[in-house]
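Values in this text are rule-based calculations from the coordinates and carry no lab data. If you're wondering where the values come from, they're calculated on a predicted model, not measured in any experiment. Reconstructed Cβ throughout: ideal geometry from the backbone, glycine too, with neighbour counts over all protein chains shown.
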Amino acid sequence: MKKLSILVAMFMVVGCGKKEEKPAPKPAATAKKPVKKAAPKPAPKVVVDDGTTATINLTGNDQMRFNTQKVTVKAGRKIKVNLKHVGKLPITAMGHNFVLLKPGTDLAAFNAKAINAKATNYIPASEADKIIANTTLIGGGGSTSVEFDAPAKGKYTFICSYPGHYALMKGQLIVE
């Protein structure tokens with residue numbers, strides 16, 4: 001009888017023990033459709049020449065940079081400069097303009113006078129004879145343009161005349 005009790009106890013222990021559970025089935029992978037992102041709008045070419053007018057598309061940003069430092073156009077063209085401020089800072093903190101200067105203009109002297117020309121958007125009236133063309137001053141998100149006849153063949157400096165910007169925001173217009 002003792003053997004029978006031991007045998008029953010063994011079956012009970014084995015029978016009451018923890019059953020091995022099968023792992024829960026993993027949920028079926030659902031195929032996700034790829035999310036189509038709208039393709040970014042390509043930036044316009046810096047220079048678009050239709051044979052009559054050379055359109056120059058410049059941008060200025062909050063890091064005081066133009067999108068290019070060298071622009072080449074053909075002599076005899078009408079030139080249209082489109083300037084867009086792609087930054088977010090307001091005109092009082094990060095204004096930009098485009099000023100095309102005649103050869104031989106002393107940049108430091110020009111800008112020393114521009115600093116004091118706040119009333120005329122940093123275009124000093126005393127330096128008008130050194131300017132070929134200029135835009136108005138714009139702030140973040142703004143845009144402006146100016147049209148003029150291409151000057152004679154040669155190299156011309158363009159700058160932003162907002163105080164302190166000309167050191168970084170300058171480039172060369174080459175007329176061929």
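For every other residue with a beta carbon closer than 12 angstrom to the beta carbon of F66, add +1 if it is Lys or Arg and -1 if Asp or Glu, then tell me the sum.
+4
For region 58-176, what is the percent of antiparallel DSSP beta bridges, rounded to the nearest 5?
Of all bridge pairs located within region 58-176, approximately 75 percent are antiparallel.
Pulled fully out, how much extra length does the chain show between A112 and T72, if you take 0.36 nm times their separation in residues and subtract their Cα-Cα distance?
In short, 11.6 nm is gained.
For D62 and A152 in one chain, what is 0.36 nm times their gap in residues minus the Cα-Cα distance, to one decimal in nm?
Full-extension gain reported as 29.1 nm.
Counting pairs on different chains as well as pairs 8 or more places apart, how many Lys pairs in region 38-138 have Cα atoms under 14 Å apart?
Within region 38-138, the lysine pair count is 5.
Which residues does the label zone of L168 cover in region 82-118, counting backbone N under 13 Å from a point 7 Å along Cα→Cβ?
87-89, 94-96
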